[in-house]
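Bear in mind these aren't lab numbers, they're just calculated from the coordinates by the rules spelled out. Everything numeric in this text was worked out from a predicted model, so none of it was measured. We place every Cβ from the backbone using ideal geometry, glycine too, and count neighbours over all the protein chains shown.
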Amino acid sequence: FGTVMKSGNVDSIDCQGPPFKVTAGDDVHEVPAVIVATGSTARYLHLPGEDAFHGKGLSACATCDGFFYREQDVVVVGGGDTALEEATYLAGLCKKVTLVHRRDEFRGSKIMQERALGTENIEVAWSRVIKEYKADENGMMSGVVLESTKGEPDLEVPCLGCFIAIGHDPNTEFLDGQIELDSERYIITRPDRT
């Protein structure tokens, strides 16, 4: 259909169109319409040394990476619907799933809570947060150290995989001040907008 593909990072969009002006580096493209499909980036815990575990046991996507941990022990971090769904999905693949949540109750929907809590090989570590990732001699994840939010002693949980399910941040920084964003930085869409 005559589509022209160009690579680069968009720096800004002049939304006073059409035509709209899309600036990417030194290039300015005038276009009749813009579709913003930038997706979002998974939130991680930002613990010391965390980056070293990407691809070596740390993930934010159970459906993407769960297969690699068949019949292994894994950890899921979070307390919302995403974490509960990830834990339930992984329970069908993995030997044991430890669901780590910083509070003593979940935020997720009642149906997702019932599903996760009713799954035999899901164990919940209530009122705990990950303090440290442990590595084996090859730099692969071998476990996590859980810190109590209630002053109890640390707990070490052996695992080969850790799935972080604490939310996403939209990739909309470059739109700041140009398009209306909500408090979470998602684009506000309205039916009256053309």
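Some values worked out for this structure:
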read-out	value
Theoretical ellipticity at 222 nm over the chain - DSSP helices of four or more residues, -39500 (n - 2.57) apiece, nearest 500	-3000 deg cm²/dmol
Whole-Å semi-axes of the ellipsoid equivalent to the chain (Cα gyration tensor, √5λ, descending)	40, 19, 16
Hypothetical label at Thr63: residues of segment 148-170 whose amide nitrogen lies under 18 Å (7 Å Cα-Cβ projection)	163-169
Cα-projected label distance for Leu155 with Arg185, points at 7 Å along beta-carbon direction, nm	3.3 nm
Rel. contact order, % - alpha carbon contacts under 8 angstrom, at least six apart, segment 64-194	23 percent
Helix axis angle, 81-91 relative to the chain longest principal axis, alpha carbon, degrees	50 degrees
Estimated vicinal HN-Hα couplings, Hz - segment 120-130 in sequence order (Karplus 6.51, -1.76, 1.60; Gly, Pro = x)	4, 9, 9, 10, 9, 9, 6, 6, 9, 9, 6
Highest-MSF residue in the chain out of Thr82, Thr38, Thr98 [GNM, Cα springs under 10 Å]	Thr38
Fully extended contour minus Cα-Cα distance, from Ser7 to Asn171, at 0.36 nm per residue	57.4 nm
Any cysteine of the chain lacking a neighbouring Cys Cβ under 4.7 Å - listed by number	Cys15, Cys94, Cys159, Cys162
DSSP bridge pairs, segment 80-194: antiparallel proportion in percent, nearest 5	75 percent
Segment 1-53: Cα Rg divided by the 2.2 N^0.38 Å rule of thumb	1.66
From phi via Karplus (6.51, -1.76, 1.60), per-residue ³J(HN,Hα) for segment 164-174 in Hz, x at Gly/Pro	8, 10, 10, x, 9, 10, x, 8, 10, 3, 5
